[in-house]
Amino acid sequence: MFKRISTKKTAGRRLTASLACYAVLIGIGFVYLYPLLYMLVNSILSPADLVDPSITWVPTELYLDNYKTAFKVLDFGNSFVTSLLMSLVPAILQTLVTSLVGYGLARFNFPFKKLLLVLIVATFLMPVQVMMVPRYVLFDRYHITDTVLAQYLPAAFGQGLNSAVFILVYYMFF
């Protein structure tokens, strides 16, 4: 008899804890999804629906000319290719270089290896903002501020934003 009562209390506590957990998760999900839903609905509103304050969530008609105008005005194809070249190529370069450095540090013994690891950790602890001005001055002296080299060179030499973290992850992996 006592065993049956204690299991009912435990089951009730677990149910309450699960309901509280789901309520928190649904609340967090709503906070993240509400702006996306709001932008999606506003993107399919016609100009007449946009100026009508009585229409907020359900448009009177499905209006897709906003997308056509945006693709035309923003030159989506060119912008997309440029974004890929400015993000994908440095990411691949940085991944290759940091994996090579991490492998070299993990597999080979050489003088001052521990000092080098300490310096890598020190660069991880240094805020990114500290290096922004000197890096800009250096790139300006070499006249590469308006070229893709300003993105590619730091990634190719393991000096990207999170290179120290990636080197340490690869070092621990290897």
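Within the stretch 50-70, the set of residues being more than 26 Å from the chain's Cα centre (by Cα) and part of a helix (DSSP H, G or I) comprises L50, V51, D65, N66, K68, T69. I want to confirm something. Restricting to the stretch 144-154 and keeping residues that are of a type in the set (V, I, T) and touching a helix residue (DSSP H, G or I) at 6+ places or on another chain (Cβ under 8 Å), which single residue is most open to solvent (accessible area, probe 1.4 Å)? The selected residue is V148.
When S83, S18, S79 are checked against the criterion of being small (G, A, S), within 30 Å of Y170 (Cα to Cα), modelled with pLDDT of 85 or more and out of contact with any Gly (no Cβ under 6 Å at 6 or more places or on another chain), a single residue qualifies: S83.
Can you tell me which residue within the stretch 37-49, out of those that are open to solvent by less than 100 Å² (accessible area, probe 1.4 Å) and part of a helix (DSSP H, G or I), is farthest from D65 (Cα to Cα)? Looking at residues that are open to solvent by less than 100 Å² (accessible area, probe 1.4 Å) and part of a helix (DSSP H, G or I), I get L37. Within the option set V128, V165, being of a type in the set (V, I, T), more than 30 Å from S46 (Cβ to Cβ), free of Cβ contacts under 8 Å to residues at least 40 places away in the same chain and open to solvent by less than 90 Å² (accessible area, probe 1.4 Å) holds for one residue only, V128. Only one entry in S87, S83, S99 is assigned to a helix (DSSP H, G or I) and open to solvent by less than 60 Å² (accessible area, probe 1.4 Å), namely S99. Whether a residue is under 30 Å from Y152 (Cβ atoms) and out of contact with any strand residue (DSSP E or B) (no Cβ under 9 Å at 6 or more places or on another chain) was assessed, and F80 passes this test. Just one of (1) at pLDDT 90 or above; (2) surrounded by 10 or more Cβ atoms within 10 Å (Cβ to Cβ) fails for R141. It is (2).
Just one of the numbered conditions (1) in a helix (DSSP H, G or I); (2) among the β-branched types (V, I, T); (3) open to solvent by less than 100 Å² (accessible area, probe 1.4 Å) is not true of V73: (3).
The values are calculated or read from the model by the stated rules, or taken from the named source; none is laboratory data. The structure displayed is predicted, hence computed values, not measured ones. All Cβ positions, even for glycine, are placed from backbone atoms using ideal geometry, and neighbour counts span all protein chains on display. To get the accessible areas, we keep the full protein, side chains included, count just its heavy atoms, and leave off ligands, DNA and RNA. Shrake-Rupley method; radii C 1.70, N 1.55, O 1.52, S 1.80 Å.
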